[in-house]
Amino acid sequence: MTPDDLAETVRAAVAAAIDAGDFAAPVPDDVVVEHPKNREHGDYATNVALRLAEPAGKPPREVAAAIKSRLEAAAGIAAVDIAGPGFLNVTLAKDAFGELARTVVTAGTAYGSNTALAGQRINLEFISANPTGPLHIAHVRWAAVGDAMARLMQASGAYVEREYYFNDAGAQIERFAASLYAVATGAPVPENGYQGHYIEDIARRVIDANPGLTGEVEEKAVEVFRREGIELMFADIRASLERLGVHFDVYFNERDLHASGAIEDTVRRLRAAGHVFDADGAIWLRTTDFGDDKDRVIVRSDGRPTYFCADLAYYVDKRERGFDKVVIILGADHHGYLGRMRAMVAGLGEDPDEHFEIPLGQLVTVHGSRLSKRAGNVVTLDELVDAISVDAARYALVRSSMDSAIDIDADLWVRHTNENPVFYVQYAHARLASLQRNAAELGIDRGDDFDPGLLSDERETDLLSAVGEYPRSVASAAELREPHRVARYLESLAGTYHRFYDACRVLPQGDEEATPLTAARLWLCEATRVVLANGLGVLGVSAPDRM
RNA sequence: GCGCCCGUAGCUCAGCGGAUAGAGCAGGUGCCUUCUAAGCACUUGGUCGCAGGUUCGAUUCCUGCCGGGCGCGCCA
C-alpha cells in the first residue's frame, strides 16, 4: 500500500463517517498522511480529524474517534490509534506494507513519476551567459539546478524545453573582441577588458586559423577576432555543458528578435495598449502601473532598444511558441529585474502569476569572495569538474536550497574525501548492485513472487516507508521548483538502507539455504536500488554499480 | 534610503502550521574469518537572532527591530 493509497483509504473512511451522520463537514479532498518521525506513532499519521474539528463543530478527538472506527475496518489497516490533540496514528498490516516493494520493482524506472504537471508546456531558461568567457562556478549552479528542475518537471508529466539565451552583439562582446586583439598584439588589455588564460588561448586559435591577422588594419582584425572568438568561445561553452551532461533544446540569439522585427512589434503592441510614453527622447514603459518602483526605458534616445525591451519581445516569442509557463532561473544579482519583468507581463495583458516564474538563486562564493568573470583567477566549470568529477559537482550544487548562498571551500572540493554526501548515496546504490551480482552468482533468484508479510523487521518497515516517500519527494520538489529536496531525500534513504544492511542479512552464508525471507529481502533491496537510481537520475548524477 | 535572501548544534546545512527540532562533518567509545568498514551502533552538543501578533498548535505564517549577503543604470 502506497501513501497515496492510504490517503485515499482515509478519505473514504471520512466520507463514510460523514454519510453515516457521525459528524457534519465537507469531505476534504486533500487528506494528508505522513510518516511520523517517532515510530511509536505508527507507520503513518494523519491530522485530518484536527482539520475537520472546526467545520464539524466537535472536539478533534471526537471526530477522530468516528473516523477511527471506520478506518480500522478497511483492508490493509492493522491498527488505528488516537493520539495527542487528535492525530490518527495508523499501523499498516505487514503484508499490505510489504506489497510496496512489488509496486516499486514492477514500476521500475517509472516509479516516482506522476501527473501533477501533465499537459503543461514549460519553457525553462537558465545560465544564458554571453560567450565572453568560459562558464564559471556561478553558472554551474544554474546548470545543475536548471537541468535537475527540468528533469523533475518532466517526471511530473510536463513537457519541458531547456533554453539558453545569449547575445553576441553589444558592449560586452566589443570588450571581448578588443581584449583578444590586445593580447594578440601584445598591447595592454583595455580597461574593463577580459583577462585570463582563455583569452590568450582563444586569441591564439584565431591567429592559427588566420595567419598574418595581427598585421591587418585594427578595425578589420578586431572584427575577425570578434566573429571567430565568439564562435570558439561558444563551442567551448557547449562542450563544457555536454561534459556536465546538460543539454539545451534551444540556443536563442537575441539578434533574431531584432532581425525579425519582433522588438518593434512588441513596442507597438504595448503602445497600442496605452502603457508607453515618450520622454527625454526615449520611449518608456509605464511599469509603475503594474507595481514596479519606477518606469523603464525600452528604446534609448538614440533609437536602440534596451536589453529589457528585447526581453519583452523574447517573452512574447516564447508564449507564441506555445508555452504555458515561461520560467527563468536567475541569480540574486538580477533580482532587481523581477519587478519590471512581472510588470512587463502584466503590461502585455497577461497574468504573471499564471504564465511567468523567476526562481531566484543566491550566488556561489569561493573563499568568501564573489566570483566574477572579469577577475581572471576564477574557478571554471571545467576546473571544477576536473577537480571533483561531474557527479560530485552536480550533486554538491543541487543539494542546497537555492535560497542559500553556498560558500564553496575550494580546498575541500579538491580534497576529494568522503565528506561529500554524493558518495554516501552512490555507495548505497553500489552495495545494492553488488548484492544482485552476488545473488546471481549463488544462483538465487528473487522469483516472481514473495511473501510481503515477512518484511516485518523494524529496519525493513523503515526502509519500506522511506521507499514509499519517493514519489511525493519528486512531486513536491517539482511543484516547489526545489530540486535539493530530492537530494536530501536520497541521503535519508541511503542512511535508512545502510542501517538495514547492517542489521538484516540478505543472502545465505556458508551452507545455509535461501529462504522465503531471502526472496522477500531481495525484492526490498531491488526496490531500494530502483529508487536510488531513479532519484540520482532526476538529479543528473550517475548510479554506479561498483565503486 | 528602498527591495530580495539568509540567521537553527563547534562547522556546513535540512526541516511547503503538527507530537520529544534533525543530518553530515568535527570530538569521544565500540563493531570487519560472513552480502562493499566510502558502512553501522552508542555518546557529547540547541534561549530555532530578538520582541510582539495570528491559532487548538509557530522553527514554519504576519508585523517591528538587530545582524549578515546581494541588488537598486537610456549596463547586460
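Can you tell me what percent of all Cα-Cα pairs in the stretch A:3-92 are more than 22 Å apart? All intermediate terms of the calculation are to be shown ahead of the outcome.
On the way: 562 of 4005 pairs.
Percent of Cα pairs beyond 22 Å in the stretch A:3-92: 14.
May I ask you to give the percent of accessible area on the stretch A:419-539 that is carbon plus sulfur, with a probe radius of 1.4 Å? Before the final figure, lay out the partial values.
Details: 2150 of 4890 Å².
In the stretch A:419-539, the share of accessible area belonging to carbon and sulfur is 44 percent.
Please give the Cα centre distance for the stretch A:325-363 versus the stretch A:246-279, rounded to the nearest Å.
16 Å
Between A:Glu242 and A:Val32, what is the spin-label point distance in nm, taking each point 7 Å from the Cα along the Cα→C-beta axis?
It is 4.6 nm.
Largest first and in whole Å, give the semi-axes of chain A's equivalent ellipsoid, each being the square root of 5 times a Cα gyration tensor eigenvalue. Could you put the intermediate results ahead of the total?
Working: eigenvalues 552, 218, 59 Å².
Taking √(5λ) for each eigenvalue gives 53, 33, 17 Å, largest first.
From largest accessible area down, sort A:Asp317, A:Asp208; use a 1.4 Å probe on the protein chains. Spell out each step's value before the answer.
On the way: A:Asp317 40, A:Asp208 110 Å².
Most to least solvent-accessible, the answer reads A:Asp208, A:Asp317.
Where the centre of each part is set by its Cα atoms, how far does the stretch A:27-92 sit from the stretch A:445-505, in angstrom?
Centre-to-centre distance over Cα atoms comes out at 23 Å.
Of the listed peptides A:60-71, A:437-448, what is their order by residue-averaged count of other C-beta atoms within 10 Å, with the highest listed first? Please list the in-between numbers first.
On the way: A:60-71: 21.2, A:437-448: 12.4.
So the order, starting with the most tightly packed, is A:60-71, A:437-448.
Residues of the stretch A:324-345 with backbone nitrogen within less than 19 Å of a virtual label 7 Å along the Cα-to-Cβ line of A:Ala272, please, listed as ranges.
A:344-345
Once you keep just the Cα pairs under 8 angstrom separated by 6 or more residues, what percentage relative contact order results for the stretch A:412-547? It would help to have the intermediate numbers written out before the result.
On the way: 120 pairs, mean separation 59.5, N = 136.
Reported relative contact order: 44 percent.
With all pairs of different alpha carbon atoms counted, what Kirkwood hydrodynamic radius in Å does the stretch A:419-539 show? Present the calculation step by step, with values, prior to reporting the outcome.
Details: mean 1/r = 0.0667 Å⁻¹.
Computed over Cα pairs of the stretch A:419-539, the Kirkwood hydrodynamic radius comes out at 15.0 Å.
Mark the label point 7 Å from the Cα of A:Lys294 along Cα→Cβ and return the residues of the stretch A:322-347 whose backbone N is within less than 18 Å of it.
So the set is A:334-344.
Please give the peptides A:149-155, A:509-515, A:166-172 ranked by average Cβ packing (other Cβ atoms within 10 Å per residue), highest first, as a rough proxy for protection. All intermediate terms of the calculation are to be shown ahead of the outcome.
On the way: A:149-155: 23.4, A:509-515: 8.7, A:166-172: 15.9.
Sorting A:149-155, A:509-515, A:166-172 by mean packing, highest first, produces A:149-155, A:166-172, A:509-515.
Please sort A:2-9, A:31-38 by packing, taking for each peptide the average over its residues of neighbouring beta carbons within 10 angstrom, highest first.
Working: A:2-9: 18.2, A:31-38: 15.2.
Highest to lowest by the protection proxy: A:2-9, A:31-38.
Given labels modelled 7 Å from the Cα in the Cβ direction, how far is it in nm from A:Asn253 to A:Asp451?
6.9 nm
When the helix-only estimate is applied to chain A (DSSP H runs of n ≥ 4, each -39,500 (n - 2.57), divided by the residue count), what is the mean residue ellipticity at 222 nm, nearest 500 deg cm²/dmol? Don't skip to the answer; put the middle values down first.
On the way: 19 runs with 286 residues, N = 547.
Computed mean residue ellipticity for chain A: -17000 deg cm²/dmol.
For the stretch A:277-285, take each phi angle, set θ = phi - 60°, evaluate the Karplus expression 6.51 cos²θ - 1.76 cosθ + 1.60, and give the result in whole Hz per residue in order, putting x for glycine and proline.
Rounded to whole hertz, the list is 9, 10, 7, 6, x, 10, 9, 10, 9.
Enumerate the lysines that A:Lys68 could reach by cross-link, defined here as Cα to Cα under 16 Å, with residues fewer than 8 away along the same chain left out.
List returned: A:Lys58.
With angles folded into 0 to 90 degrees, how steeply does helix A:307-320 sit against the dominant principal axis of chain A? Use alpha carbons for both and round to 10.
With both axes taken from Cα atoms, the answer is about 50 degrees.
Report the calculated FRET efficiency for A:Tyr427 and A:Leu507 (r = Cβ-Cβ distance, R0 = 22 Å), to the nearest 0.05. Working shown, then result.
Working: r = 19 Å, r/R0 = 0.84.
Using R0 = 22 Å, I get an efficiency of 0.75.
Tell me the label-point distance for the pair A:Glu357, A:Ala110, using the 7 Å Cα-to-Cβ offset, in nm and rounded to one decimal.
Between A:Glu357 and A:Ala110, the simple spin-label model gives 2.5 nm.
For helix A:60-72, report the angle its Cα long axis makes with the longest principal axis of the Cα atoms of chain A; keep it between 0 and 90° and round to the nearest 10°.
70 degrees
Relative to the longest principal axis of chain A, what angle (0 to 90°, nearest 10) does the C-alpha long axis of helix A:458-480 take?
Taking Cα atoms only, the helix is inclined about 40 degrees.
The values are calculated or read from the model by the stated rules, or taken from the named source; none is laboratory data. Computed from a predicted structure; not experimentally measured. Counting neighbours? That spans all protein chains shown, and the Cβs are built from the backbone with ideal geometry, glycine included. Heads up: the accessible areas ignore ligands, DNA and RNA and are worked out on the full protein's heavy atoms, side chains in. Shrake-Rupley method; radii C 1.70, N 1.55, O 1.52, S 1.80 Å.
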